[in-house]
Every structure is written in structure tokens, then in C-alpha cells.
Amino acid sequence: MTNCEMTRSQFLRGGSCLAVGTLLGSILPGDGACSAEAPAATSAATGDQPGTPQHPAVTLRPYQLLCAVCALGEEGSASGSEKPRRVLEEVKNRPDLPITLQCNLREVFGFQTSGAGEDTPEGADFNKRRDLDILLRLNLPPGVTLSARILFHRLLDRIPTVSGICDFQAVTSDAWKGCPKAKSGCYEKGCKKGIAAIIPPRTNRESDPFGLVGPLRRENVQLGLVQERPGNAAAGAGVEERGGQQHGRFRDERVTGRVDRL
């Protein structure tokens with residue numbers, strides 16, 4: 001056996017190479033080849049495709065949002081189109097359903113054009129004007145995609161009536177007569193039912209998945225930051241006193257007393 005001398009630098013270089021080789025051997029497959037197919041195989045096994053949304057968006061014309069609310073106020077009468085009712089059913093089951101609003105427009109917004117396939121009989125110009133008027137009041141551009149929860153909240157908040165959108169007081173020609181249901185009051189009745197008629201309220205588990213609201217609420221009551229009405233605490237009808245004024249508290253018992261100051 002021969003004696004060999006090794007310098008410190010040689011030892012460090014050899015040790016680092018050995019560590020890297022051991023690490024790569026534990027990561028790479030048995031054949032030693034670095035394959036890019038492993039992530040794909042994992043995705044295929046779990047059913048998730050990279051870049052594929054879990055909930056594909058539903059495409060609607062802006063006026064069909066109004067039709068869905070109008071269908072709420074019809075109180076069982078036959079609707080001119082079944083699509084609004086199908087949309088309502090799907091939104092109730094999936095409140096965060098993505099909805100894309102498309103219009104029959106060209107030029108600048110030609111990338112999202114829906115075509116005239118779902119135009120109502122009032123005429124092409126009336127359909128274009130109505131869709132653009134709705135988007136203007138919602139402060140949204142053509143082709144936008146938002147969850148149904150956000151869209152219907154904004155719709156009920158910003159468009160309380162279809163007067164001036166689906167019909168006009170002064171009609172200069174048959175092309176501008178508007179929708180025959182515009183003066184029936186069905187849309188306004190649907191608006192009065194509120195968002196709960198479209199999207200069910202969140203359950204306690206959904207609104208407070210980690211169970212933090214209850215303890216925080218009790219702590220605020222103990223500190224005197226929140227005062228409840230006797231007998232109505234369970235129903236979430238308490239009130240908050242701050243600066244000598246009373247402020248209504250949310251139904252899901254989200255406490256705003258001390259949280260606002262954090």
C-alpha cells in the first residue's frame with residue numbers, strides 16, 4: 001500500500017463533488033436521466049392540467065344579466081328565453097362562477113365580439129346600444145371576466161331600473177321601441193328581492209373557516225368596544241357603539257370595533 005499525500009484544497013474539491021453526486025443520485029430516476037415528463041405524469045395522475053382553469057367561464061351578453069334579474073320578478077310566468085333561468089340555477093350552485101361579458105362589436109373590441117346570434121328582435125343598433133349602456137353603468141369593458149358574485153352585486157347596486165336601457169320614453173322609430181317587458185316592473189321586483197335571491201348567503205363555515213370571528217367578537221364585547229342588543233346576539237342583530245354613535249353590524253357577525261384600529 002502506497003502512501004499518498006492530499007492537500008487541503010484537493011480534499012475540499014473532492015468532497016464537494018461527492019456530495020453533489022450523492023444528491024443528484026437521490027433525485028434523478030433509476031436510469032439516471034433527467035426527464036421533464038415527471039411533472040406531466042403527476043398532473044395527469046391528479047387530473048390537473050397546467051394552465052387550465054378549474055371553472056371555465058360562461059359567456060353572456062350584458063343584457064342577459066338584466067334578463068336573469070327580470071326572470072326573478074316574473075313570479076313563475078313563462079320567460080321569453082330559458083337561458084336566464086339556467087344562468088340563475090348555475091349561479092346558485094356556483095356563486096363564484098366566472099362570467100365573460102361579450103358584445104357584438106368590431107374595431108377596437110373585435111377580439112371579443114359575440115356576433116349577432118343572440119340579438120333580440122329590436123334590431124342591431126338597439127342591441128349594441130343596450131349592451132354598451134349596461135357596461136358603462138357597470139364601469140366594465142367589453143370582454144371582461146368576473147365572478148358571478150361580483151357581477152350581480154354590482155348589477156343590483158348600479159342598475160336599479162331598466163328604464164332608459166331596455167326602453168325609452170321618447171320613441172322615434174320602431175327600431176327603438178325596446179323590450180316589451182321593460183315596463184312590466186319585473187326587473188325592479190327582482191332587484192327588490194336582493195342578492196340573496198340570486199346567490200345564497202355564506203354559511204358560518206364559509207364566512208369564518210378558521211373559527212376566528214366568534215372569539216374575537218366575545219373579546220370585543222368584554223373590552224366594551226361592541227355592545228349587543230339583549231336577546232338578539234345569536235341573530236347577529238347587535239349594534240356597535242363608537243364615539244357616541246350606533247353602527248349596524250354585519251349579519252355574519254364580523255366585528256368591526258377593534259379590527260378597524262389594527
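Here, each number is a calculation from the coordinates, and none is a lab measurement. Here the structure is a predicted model, which means the values were calculated and not measured. Glycine also receives a Cβ, built like all others from the backbone with ideal geometry; neighbour counts cover every protein chain displayed.
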| message | At R0 = 25 Å, how high is the FRET efficiency between TRP176 and ARG106 if r is their beta carbon distance? Nearest 0.05 is fine. | response | 0.70
| message | Taking 0.36 nm per residue of sequence separation and subtracting the Cα-Cα distance, how much length would be gained by fully extending the chain between LYS83 and ARG202, in nm to one decimal? | response | 40.3 nm
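Provide the packing ranking of 156-163, 113-120, i.e. peptides ordered by the mean count of other C-beta atoms within 10 Å per residue, highest first. Kindly include the intermediate steps, with their values, before the conclusion.
Details: 156-163: 15.5, 113-120: 14.0.
Top to bottom by mean Cβ count within 10 Å: 156-163, 113-120.
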